[in-house]
Amino acid sequence: MGINGLLPFVKKYSKECNLRIFSGQTAAIDASCWIHKALCVSIDRTGSRERLGGIFEAHLRIVKKSGLIPFVVFDGFALPEKASEHEGQQIAREKILKQAEKPDISKSEANKLQSRAASMTFEDIVVCINICLAHNVKYVVSPYETDAQIAHMLLNGHADFGITEDSDLLVYGCKKVMVKLNLSGDGEYFQLAEILGGLNLSQKQFQQMCIAAGCDYLTNVKGVGIHTAFRFVKHSTKDLLELLVKKGGSEYKNCFSKVETVFKHQTVFDLNTNSTVPLEKCEVDLSEDVQYLCGNKLADGYANDMAVGNINTKSGEKVNGYSNLVKDQATGEQSGHENSELIACTQLKGTEVLKGVILKDELANIQPGIFTCTSHCEIVINCEKYTVLWKLVPEKATSRRSVSSGSDPSVSNTLPDDYRLEDSEDLVQPIENIDHCLPFKVLGTYHTVDRQNVLERAFTYLEEHNRHVFAKIEAEPDNPYDKNAVMSSSDYEKVGYIAKELTQYVHPVLYDKSLDVSVKKIRFCTTYCMVGYYLTINISKKGLWDKQVISASKRVN
DNA sequence: CGGGCCTATAAAT
DNA sequence: TATAGGCCCG
């Protein structure tokens, strides 16, 4: 899905941030990723689609709670170029489903397999449209691809940024895109201008790079990935294109330019005129076969029915009687922190003093002192970097924290991730006084439905009630597999284990009073053979972690 | 011969 | 998504 390897390649131009910083703006949301996730969870847990609506609604609530105005975009007809790919997926699905029918497979395993094979139906879309209507949230069903539709909406001012799961939005020219959004509202934020600036490419070059790296419409030439594609567009001496042609056959060049056209001129729904238009206006009319690839235009009345959800996107038949798109409503509803002011404060991160800000209403609730920050994000004001400390938890009076100076009303006491251990000999005395915090991935969280349910509940606590979730680790000497096992719990129910290579380092400090365990993040994801939530915890202890632990931790993100 | 890049494949105390 | 193994190039 999307562009091969694009997101890792441009990650350095992104920043991690929370939805809240977009408070008041309109977000065009690619509904298919929510629906897909919701279907996976529902089928995995219940064997049916019954929970789709509820989970979709929960997502919507998060976005509204962050003070955003959601504009949900659903998938329409499949483009012909994608049809072949769909066939491949269909075969894979059937294979999985056959496996699920084998007699020696347990119910829960069967559910897991079936959830992997879940594909979105038009009925699923209808369920979600009804939820949008109930919440008075704007929505539109794209004539074809959601990505192109969102691009058009951003370009025409119907939304300020896009929320999606794949990288295609950037290729379509969306300027602001948020991906990997979790239900805490944290995600990765990309601005196209920064990527283009950083790579020093034009939009057209960027697009070509992406296509060459391999996209949904055209598989890449073997041996050519995002890096090679980058070199190809950068030094656009023709020889590399020749190379592509040589390796990919003359067919390839032909397809390449067709795909360029599909990204540029795909048929979308224009919310101003209520008719279908090309994403970017064509100078000359497209030839019939190219127009077909970009998605044929729809007759005006039909296009409008499509947009409101009256047309079954699989059959093309009119099946519903929704009237009009939800009108622009001045959502004066609760939008959290919209009217709050930010107050500057000192933030101490390890030995480093940074600039922090907290909400004015938060300030009313707290006394000067030492706090742990459990939720934060970075912002830039007048070119200065600040950390917004959303949530502060007071340190217990008996705290073992020894922030040596003691005078600063400081928060957060974790070391920056790039803290260097290699030179530790140079840091003679303060080490013993340092609390060294590292992220640990909790393994085995998908092992049982129970563990997943615990995590799901914890997740809801974080979101719905903004409640702190507790975490702890303890030895499990009776473990039949490994007597050194260190189990990890969330709200004191077992959810998984620390990687076994690391247990030897954790054991000596397990019952040390200075050990502090907290939830770093709970994330939902759907990957090979598993669907569900996973957990990352922070463990901080007095003194430095072993070198090996640090390098293992670097892999955790 | 080592590192960067691409591709295939699927885990865990 | 994560990672290991192979391939290609310097």
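Since every read-out is calculated from the coordinates, none of them should be taken as a lab result. Fair warning: this is a prediction, and the values are worked out from it, not measured in the lab. Here the Cβ is made from the backbone with ideal geometry for all residues, glycine too, and neighbour counts use every protein chain on show.
Annotations for the structure displayed:
- Three-way shape label, segment A:91-223, alpha-carbon gyration tensor, a/c 1.5: oblate
- Each 10 Å bin, from zero up to the one with the longest distance, holds this percent of the alpha carbon pairs of segment A:6-308: 6, 24, 32, 26, 10, 1, 0.
- Cubic angstrom per residue, convex hull over Cα atoms of segment A:1-80: 149
- Two-decimal Rg/Rh across segment A:170-239, once Rg and the Kirkwood Rh are taken from alpha-carbon atoms: 1.04
- D_trans [Stokes-Einstein, Kirkwood Rh over alpha-carbon pairs] for segment A:169-300, 4 °C, 1.567 mPa s, µm² s⁻¹: 79
- Relative to one another, the C-alpha centroids of segment A:99-129 and segment A:491-508 are positioned 33 Å apart.
- Of A:204/A:554; A:95/A:297; A:472/A:500, pairs whose Cα-Cα distance is over 28 Å: A:204/A:554; A:95/A:297
- Cα→Cβ-extended label distance, 7 Å offset, between residue A:315 and residue A:474, nm: 5.8
- Every pair of different Cα atoms in segment A:435-555 enters the Kirkwood calculation, which places the hydrodynamic radius at 14.7 Å.
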